[in-house]
Amino acid sequence: MTHSMEESVEMFGDINLTLGMLNKEDNISKEEIYSHLTSVIQNTDILDDAIVQRLIYYASKDMRNDNILREIRMLAGEVLVSLAAHDFNSVMYEVQSNFRILELPNEFVVLALAELATSYVSQSIPFMMMTLLTMQTMLRLAEDEKMKQTFCIALEKFSKAIYKYVNHWRDFPYPRLDANRLSDKIFMLFQYIMEKWAPIASPTHILAIVKAHGPTVSLLLHREDTYEYALSQVPWLLTQYKDKEIDFHVTQSLKQILTAAVLYDTGLPRNLRKSIFISLLHQICRVPKPPVKENEIEASSCFLILAHSNPADLVEFFDEQIRSNNEVIRLGVLTLLRSAINAEEPKLRDHIISIEKMVRVIMGDLSKKVRNSILLLIQTMCEKCYIEAREGWPLIDYVFSQFAMSNRNLEKPVKSNFQEDDTGEKLVRDTSLEVLKTLDPLVIGMPQVLWPRILTFMVPMEYTGTLEHLFNIIRILIMAEERKKQNVKESTALVISTGTVKLPTPQQLLARLLVISILASLGKLCGAGAIGLLKIMPEIIHPKLVDLWKTRFPELLQPLEGKNASIVLWETMLLQLLKESLWNINDTAWTIQLSQDFNQQMGSYSNTSIEKGTASILGYCAENHLNIVLKVLKTFQDQEKFFMNRCKGIFSGKKSLTKTDVMVIYGAVALHAPKKELLVRLEQDIVSQVLFLYGQCSQVLGVSVMNKDMDLQMSFTRSITEIGIAVQDAEDQRFQFSYKELLIGRMLDFIRDEPLDSLASPIRWKALIAIRYLSKLKPQLSLNDNLNILEENIRRLLPLPPLEDLKNEGETDKDKEHINFLYERSMDALGKLLKTMMWDNVDAEDCQEMFNLLRMWLVSPKEWERERAFQITAKVLTHDIEAPENFRIGSLLGLLAPHSCDMLPTIRQAAASSTIGLFHIKGIHLEAERLQGLPEGLECDDVQVQIKISSKIAKIVSKFIPSEEIQMFLEESLDGLENLNPMCTKACGIWMITVLKEQGAALEDQLMDVLGTIYHHMPILRQKEESFQFMLEAISQIASFHMDAVTVHLLKKPLPFDRDTKILWKALAENPASSGKLMQTLIEKLGIGLEDDIAGIEAISEACAMYEVVTTGILITDVYPELFVLLLKLVSVTLGQKMPTANVSHRRRTIQQGERQQIPDPCRLSTATLKCLQTQAMREGLAKESDEGDNLWGLLSSPATHHIGVCALARSMAVWQHRVILEIMEQLFSSLTSSSENYRITGTAFFSELMKESILWKHGNLREVLILMDQSAWDSNATLRQMAIRGLGNTASGAPHKVKKHKQLMLESIIRGLYHLARTEVVCESLKALKRILELLTDRDVSFYFKEIVLQTRTFFEDEQDDVRLTAILLFENLSSLAGKRWKGFFAEEIKKSMISFLLHLWDPNPKIGTACRDVLIVCVPFLGLQELYGVLDRLLDQDLPRARDFYRQFCVKLAKKNQEILWILHTHSFTFFTSNWEMIRSAAVKLTDAIVLNLTSQYVELLDREQLTTRLQALRQDPCISVQRSAEATLQTLLRRCKEISI
């Protein structure tokens, strides 16, 4: 059998199984079955006919079943329709049989017919007439809303099927049918629905009618006798535009109608067309709610159909609508026009001019959205050749004008809605550029539109931004003309003529192109475009330039071929070209005009500062004539007017030489003066004069004020800077500059006065430079002065707003470039200042203090502040610096390194560079080859790449960190884990772990401090999951090197351990590298702590630690025996101990009051650890569940029940684990001789349970244990005796041969326990042990002890403890088999004495005792020769016990006949039971007395103490128990009656 056949067989079997399930009334199963069947049927090519018929039956039945869930009925219908693919006729027959004339069908039958018509059009058409005829008789019967909707759905599907047949009948496989008959029926159905149902239909029903409307009207349009009626129903459809839930379906139906109208060439009436236009436009331009996207797309498709069928009407309609001032309508019309043009409808091309005029109507609209839409329409018109030569130019002009308008609006934005306006204008500008970028100047008609008017946009400055695309358009036009000239003698397209626009002159074109060409050396595209145009435009510029430029241009373009062309060289070559060009032209008037045009175009460029040149001249004079220059300057100050007149020529026509100018000159003089002469004259003749001049400029009416004139401050700052440079260059270490502090203060004042929200002036930058040079001069400032200076400067620069915000304050692009320039220079100056002041200091701590000023900024939550701080840090920590010898880098490394994964690439790179720089300034030589390129790689935005690079740097440098600085690094890293952002936190953790892996071994001397620091950070880190995990890993890493020290540190934590300490233990345990070592360390410490069988707080701590370790699920197989014994010992020696908790350390968290005041119970803590150990042992198969369950641990930790818990624990040992249990026995053996009484009890209890395991007697040390058990059985401690006796008793199970061998020894020890009347536990244990042992011995073995055992056993028949009574009775029963000949008579007498107990306790509150009494009576009766009683005793074996009164009377009747003496003995012993604590026993005693009195002979009745008996019975009549009262009353009556009988 082939594979496919096997699959088929399997599938058919599956379907047959499914069919069987369809018979059940399980709706849930049916829903799953039908879903599965649909998939199987649709994906199977062949189905067995029998299966198909059965499926049709079940599917049809369930589809029509109203008692089934609707979802299941729908699924059944789907299955039925799917089956039509395998047997259409059978399915159709089934459906039609349930679709009968004048009977309202089932809803799902109609839906099935509709789906068959849609899915199987070809097969359904022959049945369609019958279906429609039947359906016609049903419409009047439909009253239910749901049924009406169903018929509308059917009409929709039937209409679609017939429509398909009408238009594609040739494709159908049978002769053509009369489609008109079918459409007649559709017409009747549609007419009835529209007239009867539509006017009163609900919204849901309306939706169904709308969906059917389109297909039905589309079908009716193909016939002349029905199309008018069909079109008359379209207005109704248009009125249904009300709700967005239905609008889409209205539009969809309308689209179907319009498509059919085009197909059948049916003309729509004008009024109807107008209504359709308006309705559809409203769908696209809906206000205020935006249109639904699907509906908008359908409406647009309708307009495309109308553009094909009625383009003229459509354009006319658009023209009418676009003239309204409604922005939304204009946008809609423009969008529709774009769509129509993009569709390339041929008929629409006849209306190009109309469309162009329509666009020109709204070119004055100032709406940004309308402007942008017009631009997009123009772009489409250009692409699709919809630009006509005569009317097209205004559209091109509009594109350039919109670019210029947007630029103007962006330069001077409106205050209101600034962001929105700005975005809109940028969009218009970008669209303008996109139109020019995509413009193809060679499409049909475009050259005539563009040339030469396109040249008008080259020269005006407002079109500068378009030059790149403009040059490209012009170049393409000119090159096309050049190609045309090669084929045609005379050009016909590109001819320079003024036309109706003013074209630029050749001189203007040349000037503009030369200026823009300069940008080519900078790689600007517009520069390259300009030089490209120059190359091909010589004839347009001047005919005489053609040959020259053809020769010179190849040489001219050579510098541009390299990557970095020299600007100076390029400018020189352009000027040389201009010079040669003018020489060739040789036309003075032409050249003059060119000069004028250059002046006009260059008017926006600023000239170089004249003051700079003047100062330089006098400065150079001072190099050789210092005295003369200073004298001249002094003279100017004394005779200002005279000197000003003499120097007019020098100062290029300035009206006056100001004090500000003189200040600058003084600085230049100092800078160029001979160094040896300078220092002598500096303070008195230069600095003091500069200060004097500045002071004069800062006075108003003789009063000094702060002058905020920027030129004055700049001149003063420049002068001071040059003075500082001059002094520094003098290199005289003895010179003390007395004005240093004063001048630095002035510079700081300038900086303080600068606003913190803007960066418009260069004052900060220049003042920082001045301070830097001044700081280098002597005298040296104090540390506090340096810190104050740096802090002031940092606080005035780093908090500035983000750079983009600062730049946005600039009104023009030049303003923004200037602000960016100032920002970069200011930050650079601050970095250099910090670098200078830090490293000029030789004290490492001072350097550290200065660097710490950046700390708060390096971790600022604001990215831009962090970025600035790191850029400054990177400048400070450069390779060319050598830090003081004791400068510590550990803390700084922890601070900087994590930011190698910060949010901004600039921060990441600066952090990495700074990190590497730290090692260089310490003179540590890193592996440069491995580090090469890593900081640059951090520019990548992929976080995984960032982490990888940061981790690689960490691995390279971690081994070079000085070991004594590891602690500081860790402290800083922990701070980072608390405060940094997620990515930096991750990097911080990686660095910390990497460093610990490399240098963890070196932490030995600092370990306690490191651990204390980590513990201090835990409460905060716990709130950050990832940080906390890194911290835990760090602890584990440290522990892998210093496990003992870490353990000791954690064990010193107060008990009970707080949350953080517990977490640390768990972390150490979960780390594979440290878990094994940790466990062994704790075991060793716990063993040492318990050597003397006493437990201190250290042992408790170790147990608590062990608890946390074991709860992690760590494997304990190898250490289980040792650990189990230690923990059991700890539980034992801490029983009943109380100890106060140690002082809780001060933590950075709020500890609840209850937690602080809690007094831990050491035994409870130890027990919890042992419980945890056992739980893990059960998981590993080393132990089993205790029979006490969770109650075990309460028993174990209580002094009163500890031994019981130990026994239960011992029973839970997996004795099949021989190695484990034997090792435990070996280690626990010493407990039997421990100095601790508690531990002896624990060990004895544990071994007492093991004594019954025979396998352990073969391989263990139980022989020695037995001897010690026997000794303990004589101990003064009752619990110890009890456990020892239990062990002796259990020996009977584990080693029967040992019992016989040591019977005397064991019996004496156990019998002695029967005399411990103060502790019934010992008695009970002894009775149980005797019972077990006696079962193994003969009467000869126990003959010596028989009498003693019997007598002691009898004393416990009435014990209050159930267990004691029960065991005593059971033991007495066993003794019956050991009486032998020697003690048979003795035993019979003891039975007589005991019989009263057995009889009464048949009704003991404990049913087990009653059963035992029954059994012992049966065993003992033969000893008295009362076998006749068996019949009575057998009644006790019945399931329902006899009533006590009845049993006793029958028993006494038999007994009285056999032995009156025993009956009398029973009577004499019954009185004691009248006062029993148990109601049932008192009642039974009275009832037995009644039976005895009733059956005593007259002689014995006379012996009765009637008075005593009556008194006792009278007392019992007052008993609280009603049963006793009634029994007493009955017995009293019996007594009276017997007494009367014998006349007493």
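Projecting label points 7 angstrom from Cα along Cα→Cβ for Gln684 and Lys1408 puts them 12.2 nm apart. Estimated at 0.36 nm per residue, the fully extended path between Asp1415 and Lys1540 surpasses their Cα-Cα distance by 41.2 nm.
With protein chains left intact and a 1.4 Å probe, residues in the range 1407-1518 average 47 Å² of accessible area per residue.
Of Cys385, Cys1163, the order by accessible heavy-atom surface (1.4 Å probe, DNA, RNA and ligands excluded), from most exposed downward, is Cys385, Cys1163. Every Cα-Cα pair of the range 241-320 was included, and the share exceeding 16 Å stands at 47 percent. Treating r as the C-beta distance of Thr572 and Asn326 and R0 as 60 Å, the FRET efficiency rounds to 0.50. As a fraction of the 1.4 Å probe accessible area of the range 1453-1544, surface on carbon and sulfur atoms comes out at 49 percent.
Once you divide the Cα radius of gyration of the range 1423-1544 by 2.2 N^0.38 Å, the number left is 1.04. Calculated from the structure at hand, Kirkwood radius over Cα pairs in Å is found among [x] 40.2; [y] 39.0; [z] 47.8 as [z].
Have a look at Ile993, Leu1090, Cys1521 and report the one farthest towards the positive end of the charge dipole of the chain, computed about the Cα centre with Cβ charges (Lys/Arg +1, Asp/Glu -1). Value computed over the given set: Cys1521.
Of the residues Val79, Met128, Leu113, the one whose Cα sits farthest toward the positive end of the charge dipole of the range 61-144, with +1 on the Cβ of Lys and Arg and -1 on the Cβ of Asp and Glu, is Met128. Once both axes come from the Cα atoms, what is the angle between helix 688-697 and the longest principal axis of the chain, in degrees from 0 to 90, rounded to 10? On a 0 to 90 degree scale, this one is about 80. How many percent of the accessible area of the range 902-1058 is carbon or sulfur, using a 1.4 Å probe? Percent of accessible area from carbon and sulfur atoms in the range 902-1058: 51. For the chain, relative contact order (Cα pairs under 8 Å, six or more residues apart, normalised by length) works out to 2 percent. Taking label points 7 Å from Cα along the Cα-to-Cβ direction, Met479 and Asp880 give a separation of 4.8 nm. Rounded to the nearest 10 degrees, the inclination of helix 3-22 to the longest alpha-carbon principal axis of the chain is 70 degrees.
Between helix 1162-1179 and the chain there is an angle of about 80 degrees, using the helix long axis and the longest principal axis of the Cα atoms.
Heavy atoms of the protein chains alone define the surface here; on that basis the range 77-197 has 44 Å² accessible area per residue at 1.4 Å probe size.
Think of each Lys and Arg Cβ as +1 and each Asp and Glu Cβ as -1; about the Cα centre, that makes the dipole of the range 35-152 roughly 260 debye. The simple spin-label model puts a point 7 Å past each Cα toward its Cβ; for Asp66 and Glu1180 those points are separated by 7.1 nm. Using the Cβ of Asp1404 as centre and a radius below 14 Å, the other residues enclosed give a net charge of -3, where K and R count +1 and D and E count -1.
Checking the a/c ratio against 1.5 first, then a/b against b/c, what shape does the Cα gyration tensor give for the range 1008-1048?
Because a/c hits 1.5 or more and a/b fails to exceed b/c, the range 1008-1048 counts as oblate.
The calculated FRET efficiency for Thr137 paired with Val292, based on their beta-carbon distance and R0 = 60 Å, is about 0.95.
Ranking Leu798, Met850, Leu777 by Cα position along the charge dipole of the range 698-852, where only Lys, Arg, Asp and Glu carry charges on their C-beta atoms, puts Leu777 farthest toward the positive end. Accessible surface comparison of Met63, Met130, probe 1.4 Å, protein chains only, largest first: the order is Met130, Met63. Relative contact order of the range 154-253, taken over Cα pairs closer than 8 Å and 6 or more residues apart, is 31 percent. Qualifying GluC sites (Glu not before Pro) in the range 791-864, where qualification requires a DSSP coil assignment and no more than 12 other C-beta atoms within 10 Å, comprise Glu811.
Ranking Met573, Met74 by solvent-accessible area of protein heavy atoms (1.4 Å probe, all protein chains present), from largest to smallest, gives Met74, Met573.
Candidate cross-link partners of Lys676 among the lysines, defined by an alpha-carbon separation under 30 Å and a same-chain spacing of 8 or more, comprise Lys612, Lys631, Lys634, Lys659, Lys740, Lys766, Lys776, Lys778, Lys832, Lys835. Residues of the range 1081-1103 with the amide nitrogen closer than 20 Å to a label point 7 Å from the Cα of Ala1045, along Cα-to-Cβ, please. Once the point is set 7 Å along Cα→Cβ of Ala1045, 1081-1082, 1085 turn out to lie under 20 Å by backbone N, inside the range 1081-1103.
Each Cα pair under 8 Å and six or more residues apart adds its sequence gap; the mean of these over the residue count of the range 980-1132 is a relative contact order of 21 percent. Applying both filters, DSSP loop and at most 16 other Cβ atoms within 10 Å, to the GluC sites (Glu not before Pro) of the range 703-768 gives Glu731. The Kirkwood hydrodynamic radius of the range 887-999, based on inverse pair distances between different Cα atoms, is 13.5 Å.
To the nearest 20 debye, what charge dipole does the chain have about its Cα centre, counting +1 at the Cβ of each Lys and Arg and -1 at the Cβ of each Asp and Glu?
Roughly 1340 debye, rounded to the nearest 20.
Measuring with a 1.4 angstrom probe and ignoring ligands and nucleic acids, Met983 comes out at about 40 Å² accessible. Between Ala1530 and Asn584, the contour length at 0.36 nm per residue exceeds the Cα-Cα span by 324.6 nm. Counted residue by residue at 0.36 nm each, then reduced by the alpha carbon distance between them, the extension gain from Gln733 to Tyr1315 reaches 198.6 nm. Rolling a 1.4 Å probe over the protein heavy atoms leaves Asp828 with an accessible area of roughly 50 Å². The residues of the range 767-815 expose, per residue, 46 Å² of accessible area to a 1.4 Å probe.
Could you please report the charge total around Asp880, scoring K, R as +1 and D, E as -1 over all other residues with beta-carbon less than 15 angstrom from its beta-carbon?
On the way: positive: Lys832, Lys835, Lys875, Lys922; negative: Asp840, Glu882.
Net of charged neighbours comes to +2.
Any aspartates and glutamates with Cα under 14 Å of the Lys1458 Cα? List them, leaving off those in the same chain fewer than 8 positions away. Reachable aspartates and glutamates: Glu1428. Here is the list for the range 279-328: trypsin sites (Lys or Arg not before Pro) lying in DSSP coil, each with at most 15 other C-beta atoms within 10 angstrom of its C-beta, are Arg323. Taken about its Cα centre, the range 1296-1417 carries a charge dipole of about 620 debye when Lys and Arg each add +1 at the Cβ and Asp and Glu each add -1 at the Cβ.
Classified by the C-alpha gyration tensor, the range 851-898 has a prolate form. Its axis ratio a/c, with a ≥ b ≥ c, is 1.5 or above, and a/b is larger than b/c.
The values are calculated or read from the model by the stated rules, or taken from the named source; none is laboratory data. It should be emphasised that the depicted structure is a prediction, and the values quoted were computed from it without experimental measurement. Heads up, the Cβs are rebuilt from the backbone with ideal geometry, glycines too, and the neighbour counts pull from every protein chain shown. Keep in mind that these areas ignore ligands, DNA and RNA; they rest on the heavy atoms of the full protein, side chains included. Shrake-Rupley method; radii C 1.70, N 1.55, O 1.52, S 1.80 Å.
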